[in-house]
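Remarks on the structure that follows.
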Amino acid sequence: MVNDILLAFYLHIPIVIGGVLHMVVVSRQYLSSLATPIYSPWFGANKTWRGFVVVPLLTAFGAICVWPIEQSLDKAIYPQGFGLLLAGFWAGLGYMLAELPNSFIKRRLGIASGAVPEKGKYIVILMDQLDSGIGFSLAYWWYLSLSIQQALLCALTFPITALIIKRLLFIAKLKKSAT
């Protein structure tokens, strides 16, 4: 069980790298021509084509960043070579796709893009972290052949990682809120 929890946090690394670099892209207005909403009536203004293009690519880069760690392991977690890049890409795409249902539900409930309501605040914050964690964990489960327990732990531990990273991004002024 401890090894599976450590594996879960290790699998977060490419997602964290991709997410942090995505915040740099957003805060510096890079690729602004892609910063158009996918369909704002359903998903709000913050779900853009830029995110769907950039996050999988930056998460693929994040996966490449773990290559030196992979070389030191007795048994590699990620596929070698191009497979490592694909693992990151699929995780980034899973992350983005899984955010859409949550955004759709929040728009139906009248919650504005990027807003956290007072009523149900902690449920909304939890769902904002779990949706993407579930998405990339499913992608890893499929692509890396994780066990159900490993994928579940990866998803359930992600809110811890996400909230820590979001707090750091807020302090660095790359994110407007710490949640």
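The values are calculated or read from the model by the stated rules, or taken from the named source; none is laboratory data. All of these numbers come straight from a predicted model, not from anything done at the bench. Methodologically, a virtual Cβ is constructed for each residue, glycine included, from the backbone with ideal geometry; neighbour enumeration extends over all protein chains shown.
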Any chance you could count how many residues in region 1-54 are modelled with pLDDT under 95, hydroxyl-bearing (Ser, Thr, Tyr) and not in a helix (DSSP H, G or I)?
-> 1
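Can you tell me which of GLY83, GLY114 is loosely packed, with under 15 Cβ neighbours inside 10 Å and either in contact with a helix residue (DSSP H, G or I) (Cβ under 8 Å, 6 or more places away or on another chain) or outside any helix (DSSP H, G or I) (or both)?
On the way: GLY83 fails: either in contact with a helix residue (DSSP H, G or I) (Cβ under 8 Å, 6 or more places away or on another chain) or outside any helix (DSSP H, G or I) (or both).
Going through GLY83, GLY114 in turn, the sole match is GLY114.
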Report, ordered by the first and then the second residue, all pairs with beta carbons closer than 8 Å, sequence separation of six or more or different chains, a first member in region 1-24 that is acidic (Asp, Glu) and crowded, with 16+ Cβ neighbours inside 10 Å, and a second member that is part of a helix (DSSP H, G or I) and modelled with pLDDT of 90 or more.
-> ASP4/GLN149; ASP4/GLN150; ASP4/LEU153
Complete set of residues in region 55-80 that are in contact (Cβ under 8 Å) with a residue 40 or more places away in the chain, in a loop (DSSP other than H, G, I, E, B) and either buried (at least 20 other Cβ atoms within 10 Å of the Cβ) or out of contact with any Phe, Trp or Tyr (no Cβ under 9 Å at 6 or more places or on another chain) (or both) = VAL66, TYR78
What are the residue pairs meeting all of these: first residue in region 114-126, first residue over 24 Å from THR157 (Cβ atoms) and free of Cβ contacts under 8 Å to residues at least 12 places away in the same chain, second residue exposed (fewer than 11 other Cβ atoms within 10 Å of the Cβ) and not aliphatic (A, V, I, L, M), Cβ atoms under 9 Å, and 6 or more apart or on different chains?
-> PRO117/GLY110
Quick one: would you say TYR140 is free of Cβ contacts under 8 Å to residues at least 60 places away in the same chain, part of a helix (DSSP H, G or I) and of a type in the set (Ser, Thr, Tyr)?
-> no
